[in-house]
Every structure is written in C-alpha cells, then in structure tokens.
Amino acid sequence: MKSTPITDTAFKTGNSPFLRGGSATFSNLTGTAATLQGSDTQTGTYTTLATLAANSQTEVQNLPQWIKLSAAGTVYALAG
C-alpha cells in the first residue's frame with residue numbers, strides 16, 4: 001500500500017497507484033474537518049470531492065487530474 005500527503009498545494013494524479021479516474025482512501029488524522037477538492041487542470045476551478053470529518057477515512061472514486069485541500073492542513077491518500 002502506498003500513501004502520500006495531500007495539502008493545499010495541488011497534487012497531480014496519474015502516477016501509479018494514484019491514477020486519474022481511479023480511487024483512493026483519504027485519511028484525516030487531525031481534530032478538524034478537511035475539504036478535498038479536485039480539478040481537471042492545475043489552475044482550473046476546483047470542486048469539492050469529499051469533506052473528511054475529523055479523525056476519519058473516506059474513499060473517493062473517479063479521481064480528477066489534480067487534487068488538493070481547500071485550506072491549510074494535511075490528509076493522507078492511500079492506494080493499494
């Protein structure tokens with residue numbers, strides 16, 4: 001299983017195992033909620049993919065080309 005930190009800086013999917021159109025589980029290990037966003041272009045309009053409650057995990061399917069958090073923080077993307 002591979003994991004990578006996701007912050008408010010755009011992360012490009014498309015490299016195995018984080019494939020565009022694929023899925024990943026996102027873990028929020030903090031005490032506050034985090035909003036995961038995605039876009040088809042790095043500088044495009046980002047839309048909400050999921051809101052991760054504090055200390056939770058959420059699976060997101062059909063990942064877009066670019067993902068990031070809407071605000072400062074870190075969640076971890078897990079793919080197997």
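The values are calculated or read from the model by the stated rules, or taken from the named source; none is laboratory data. It should be emphasised that the depicted structure is a prediction, and the values quoted were computed from it without experimental measurement. Here the Cβ positions follow ideal geometry from the backbone for every residue, glycine too, while neighbour counts run over all protein chains shown. In case anyone asks, the SASA skips ligands and DNA or RNA and just uses the protein heavy atoms, side chains included. Shrake-Rupley method; radii C 1.70, N 1.55, O 1.52, S 1.80 Å.
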In whole Hz, the Karplus estimates of ³J(HN,Hα) for region 42-52 (6.51, -1.76, 1.60; θ = phi - 60°; x where Gly or Pro) are 4, 9, x, 7, 8, 10, 6, 9, 6, 10, 9
Summarise the accessible area of region 34-80 (1.4 Å probe, protein heavy atoms) by the percent that is carbon and sulfur. 43 percent
When the Kirkwood radius is taken over all Cα pairs of the chain, what Stokes-Einstein diffusion coefficient follows at 25 °C and 0.890 mPa s, in µm²/s? 202 µm²/s
Spin-label pair ASN62/MET1, simplified geometry with 7 Å Cα→Cβ offset, distance in nm: 2.6 nm
With label points built 7 Å along Cα→Cβ from the Cα atoms of ALA71 and ASN55, find their separation and express it in nm. 2.0 nm
Whole number in Å², please: accessible area per residue of the chain, 1.4 Å probe, ligands, DNA and RNA not counted. 55 Å²
